[in-house]
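The block underneath contains the structure these notes are about, expressed in structure tokens.
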Amino acid sequence: MKRTFMLLFLVVMLVTGCAQEEIELVEEVTLTIEDETYYQRFQNAGISINVYNWGEYIPDGSDDGVLDLNAAFTELTGIKVNYTTFATNEELYAKLKGGGASYDIIIPSDYMISRMIYEGMLEELNFDNIPNYSYIMEKFKNQEHDPDNRYSVPYTWGTVGIIYDNTAIDPEETPMDWDILWNDEYKDSILMFDNPRDAFAIAELKLGYSLNTESPEELKHAAKVLIDQKPVVQAYVMDEIFDKMGAGEAILAPYYAGDAKTLMDEYDHLSFVIPQSGTNLFFDSVCIPKGAKQKEAAEMYINFLCEPDVAYAVTDYIGYSTPNQGAFDMLDEETQNDPIAYPDDAYLTEKTTVYKNLSEDTNQLMQTLWTEMKSAEVEHTNPWIVPIFMLLCILLSIAIVIRRHIRNKKDIF
Amino acid sequence: MKQKLLSAPYLVWMAVFVIVPLVMVAYFAFFDSDGNFTLQYVADVAQYSNIFVRSVWLAAIATVICLVLAYPLAYFLSKMDTKIQGTMVMIVILPMWMNFLLRTYAWMTLLGNEGIINTLLGYIGLGPFKMLNTQGAVVLGMVYDYIPYMILPIYTVMAKIDKSVLEAANDLGCNGVKTLFKVVLPLSLPGVMSGITMVFVPAISTFIISRMLGGGSNLLIGDLIEMQFLGNSYNPNLGASISLVLMVIILLIMTLMNQFDVDDDRVLM
Amino acid sequence: MKKLSKLYLGLMLLFLYLPILVLIVFSFNDSKSRSVFTGFTFEWYEKLFRNELIMTSLANTLIVAVVASLIATVLGTLAVIGISKMRKGPKAAVMQVTNIPIINPEIVTGVSMMLLFVFFAARMNLEFGFVTLIIAHITFDVPYVVLNVMPKYRQIDANMYEAAQDLGCGPVRAFFKVILPEIMPGIISGFLMAFTFSLDDFVVSYFTSGSTAQTLPITIYAMTRRKVSPEINALSTIIFVCVLVVLVLKNVIERRADKKRGVVR
């Protein structure tokens with residue numbers, strides 16, 4: 001069993017790697033940085049920072065003509081960026097809590113930030129190192145999850161809505177509300193959030209409960225509703241949604257507005273709707289976890305993300321709404337008035353709810369209910385399987401014993 | 001005496017990095033974060049018995065299918081002309097050298113509603129059939145990923161069977177089928193046994209296959225463990241007790257298999 | 001019967017190769033569609049080689065695999081010599097422990113090592129990264145080295161070693177002159193096995209890698225969880241071609257060697 005293939009793989013890669021230098025790396029995209037001297041402090045210090053971000057949450061140069069922001073940061077500052085991704089807030093929490101990995105930059109959402117603050121998992125930021133913080137719009141400062149704004153700098157914000165295939169569903173005929181995700185007609189064509197908080201929120205919206213309910217009865221009811229939904233759900237996914245919705249595998253999926261915009265830009269058959277009955281409003285902010293090894297370099301990274309040009313590149317590429325005034329001003333008028341990315345304030349205040357951190361007990365309960373929901377049977381496995389299986393095991397053991405007994409007898413003769 | 005000392009680094013290594021971690025799993029399973037002894041976590045595992053049943057069931061089906069598919073294949077391979085036998089075995093085993101994530105991903109693109117199989121079926125006016133995100137897809141993934149582990153040991157054992165034994169059976173009046181059942185089958189049983197464990201153990205504990213092909217709604221034990229440590233419901237204590245139970249299940253099944261093994265050594269004698 | 005066996009073999013090969021073929025074909029597809037072939041392009045290969053993440057993780061994979069399998073080989077070979085001098089009882093016990101990483105489900109090995117490293121990380125300033133990855137890899141590699149070297153060592157005639165010593169070799173020299181050449185094939189196959197397992201490991205690495213040292217399988221996993229680009233098909237194709245070439249070469253070399261031996265005889 002010798003799998004020596006990778007060696008050769010390396011050789012191939014090296015050969016092509018040599019030829020690569022003549023290829024132009026990225027099309028010319030320029031970034032204007034205000035105060036370049038600020039970024040020179042660590043130029044030759046050989047520092048690297050570990051950034052842990054959501055998947056598909058930064059321009060990474062993977063599409064043609066798109067800047068690789070991390071590479072640009074390295075070029076500007078001389079600080080190397082180790083960039084890795086997570087898919088859900090809960091995954092981020094687990095990795096920080098029990099994974100033993102050390103990060104310098106993380107980007108959690110509102111409720112997770114307050115949970116982390118509460119559990120002492122975040123480092124206080126030194127805003128003297130983040131002069132570009134001034135670009136953040138006032139309404140995004142001092143929010144409830146970080147009241148004195150000591151731990152986080154807003155990165156993006158957005159709402160949750162439903163992405164749908166407009167060739168299969170006509171919103172004129174079908175009212176697009178959260179109920180549609182339970183509709184039998186679209187059995188096996190519905191995708192669902194693969195993280196507890198967002199999934200429970202949708203059940204709570206359907207049931208008319210608060211998104212921040214702490215009532216065990218309401219949560220249990222929501223969990224039951226989610227179990228009821230299982231037969232119509234095709235798969236529980238996060239960023240796999242890009243692929244599945246794009247390829248037409250599914251026709252309905254609740255997801256974040258920013259990603260919906262990205263999808264709609266690429267595929268004409270997809271549309272997005274924010275249900276009128278209300279939804280979740282979220283803020284994702286940049287934080288530094290406790291024990292970060294390169295706090296100052298991390299703050300430099302945060303400042304870099306707050307550069308209007310950089311924030312514009314982010315919002316332009318990932319589609320999420322920006323809290324950065326400088327970047328917002330750069331957007332064309334159409335985007336500024338886009339009801340998906342920038343819904344009017346009246347709707348935001350009346351119909352949307354921001355997640356709050358729940359009490360420890362409620363978090364525990366939600367986790368347990370989530371695991372139960374995920375493990376509930378969809379395809380009914382035959383209830384006789386266990387007894388049959390055990391019976392088989394017993395019969396097998398008996399057979400062995402008898403066989404041996406007979407054989408022993410034979411040996412005697 | 002001195003030579004014995006050469007194994008000291010190894011013994012220390014295995015003690016620190018094999019035994020101690022397992023002890024830690026047991027500790028996490030029986031003690032809460034404050035260090036108090038509790039049976040709560042082990043008791044909690046019972047809640048997920050349906051996942052255990054599903055995992056054992058799917059892994060068992062996959063193992064049986066692997067056996068049914070691999071046995072004839074190994075037999076035909078061992079019967080082949082020795083000149084091309086080596087090359088043929090290599091060709092059969094070749095896919096195994098590919099990264100298993102990539103192989104599983106390949107099935108995702110084949111089985112989807114808009115995948116290749118359904119597209120092809122669409123041309124002749126059939127389907128689309130729901131194949132991806134089902135238990136069937138999970139079993140298929142297990143069979144595809146682990147079947148080489150069934151083919152190899154069976155083939156190895158069969159290739160070693162002395163040709164003269166088969167000739168003797170023929171001379172003594174056995175026809176082909178009878179030889180197969182009376183001689184080849186019993187002689188190849190050790191290979192079958194190790195094939196079964198080599199397929200069953202990874203199949204019951206996988207979390208990639210169920211996630212990629214099962215759509216996240218057909219959780220297996222592996223998913224459950226992963227969820228408790230790095231996934232959406234962080235609870236290492238529960239995760240540790242599930243791991244412990246998984247080890248016990250596998251130990252039981254291995255013991256059962258060993259029973260057979262011993263038994264069949266006697267047959268050979 | 002002959003026809004039947006050929007048909008069966010053909011069907012099985014189709015089953016085994018169909019997914020890989022599909023990956024390869026669609027790595028040349030000029031749209032992102034995974035079911036309709038729209039045109040031919042090399043674009044995805046170009047992109048793949050420009051993808052820094054993949055290149056770094058490839059380098060990481062190789063570093064971890066080389067270091068881990070080398071250490072495992074030394075550790076395992078020394079262990080075999082020591083173990084074979086043990087009495088029966090302790091020997092059996094050690095062999096049981098050796099079997100644990102092989103029999104244990106990978107996920108349990110990964111989780112248990114993660115718990116250990118977290119314990120150390122909290123107390124001894126250990127950081128998840130190359131160190132933890134390499135330790136974990138050595139741990140699941142070393143049993144394969146032991147199991148490969150052990151049978152070769154057993155075959156050695158004990159008198160040879162004593163004869164060498166009688167002829168004036170010190171124990172160390174006797175080892176290098178007599179024992180080592182005899183067990184070399186076992187050491188090499190053990191090393192190769194360890195190396196390839198290290199290259200391909202996902203589950204254990206998933207639990208023990210930190211923020212800095214991502215190996216290729218971990219990167220592939222992250223790729224499958226995001227917007228999927230046909231780069232992944234290009235990657236599969238390259239890996240497949242490499243495997244194919246290596247195996248064909250190996251086969252040809254072995255054939256040659258066989259022939260040569262035939263001539264000498």
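Nothing in this text is a laboratory measurement; each read-out follows from the coordinates by a stated rule. Everything quoted here is computed from the prediction, not taken from an experiment. Note: ideal-geometry Cβ built from the backbone for every residue, glycine included; neighbour counts use all protein chains shown.
A few notes on this one:
- With Cα atoms defining each centre, the stretch A:121-139 and the stretch B:166-231 are spaced 57 Å apart in the structure.
- Phi angles of the stretch C:69-76 translate, via the Karplus equation with coefficients 6.51, -1.76, 1.60 and θ = phi - 60°, into HN-Hα couplings of 6, 5, 4, 4, 5, 4, 4, x Hz per residue; Gly and Pro are given as x.
- Square roots of 5 times each gyration tensor eigenvalue, C-alpha, the stretch B:1-156, largest first, Å: 40, 30, 14
- Cβ charges +1 (Lys, Arg) and -1 (Asp, Glu), total dipole of the protein assembly as shown, debye: 8080 debye
- Among A:CYS287, C:CYS169, the order by Cβ neighbours within 10 angstrom, fewest to most, reads C:CYS169, A:CYS287.
- In terms of its Cα atoms, chain B spans 74, 73, 33 Å along the principal axes, sorted from long to short.
- Calculated over chain A: convex hull of Cα atoms, volume per residue (Å³): 231 Å³
- The peptide list B:21-31, B:165-175, B:42-52, put in order of mean Cβ contacts within 10 Å with the highest first, becomes B:21-31, B:42-52, B:165-175.
- Listed pairs A:LYS139/A:LYS351; B:LYS178/C:LYS6; B:LYS182/C:LYS152 exceeding 26 Å between Cα atoms: B:LYS182/C:LYS152
- Here the 3J(HN,Hα) profile of the stretch B:92-100, calculated from phi with Karplus coefficients 6.51, -1.76 and 1.60 at θ = phi - 60°, is 5, 7, 3, x, 5, 6, 6, 4, 5 Hz, Gly and Pro shown as x.
- Phi-based couplings in Hz for the stretch A:231-245 (Karplus 6.51, -1.76, 1.60; Gly and Pro marked x): x, 8, 7, 6, 7, 9, 9, 10, 6, 4, 4, 3, 5, 5, 6
- Centre separation in Å (Cα based) which lies between the stretch A:154-218 and the stretch A:270-306: 22 Å
- Value of D in µm² per second that Stokes-Einstein yields for the protein assembly as shown, Kirkwood Rh from Cα pairs, at 4 °C (1.567 mPa s): 43 µm²/s
- In the stretch C:36-104, the trypsin sites (Lys or Arg not before Pro) that fall in loop regions by DSSP, at most 11 other Cβ within 10 Å: C:ARG87
- Only lysines eight or more places from C:LYS47 in sequence, or on another chain, were considered; those with a Cα closer than 26 Å are A:LYS80, A:LYS244, A:LYS261, C:LYS32, C:LYS227.
- Cross-link reach list, aspartates and glutamates versus A:LYS220, counting only Cα pairs under 19 Å and skipping chain neighbours closer than eight places: A:ASP179, A:ASP194, A:ASP198, A:GLU204, A:ASP228, A:GLU360, A:ASP361, A:GLU372, A:GLU377, B:ASP44
- Distance from the stretch A:38-70 to the stretch C:179-193 (C-alpha centre basis), Å: 45 Å
- Between amide H atoms placed 1.01 Å from N, distances below 5 Å from A:ILE130 occur with no residue 5 or more places distant or on a separate chain.
- Using the alpha-carbon positions of chain C, Rg (one decimal) and Dmax (whole number) come out as 23.4, 76 Å.
- Of the beta bridges in the protein assembly as shown, as assigned by DSSP with both residues counted there, near 60 percent are antiparallel.
- Under 5 Å between amide hydrogens, built in the peptide plane, is the criterion, and for A:THR352 it picks out A:THR279 among residues at least 5 positions away or on other chains.
- In the protein assembly as shown, helices alone account for a calculated mean residue ellipticity at 222 nm of -19500 deg cm²/dmol, with every DSSP H run of four or more residues adding -39,500 (n - 2.57).
- Mean Cβ neighbour count within 10 Å, used as a protection proxy, ranking B:117-123, A:153-159, C:59-65 highest first: A:153-159, C:59-65, B:117-123
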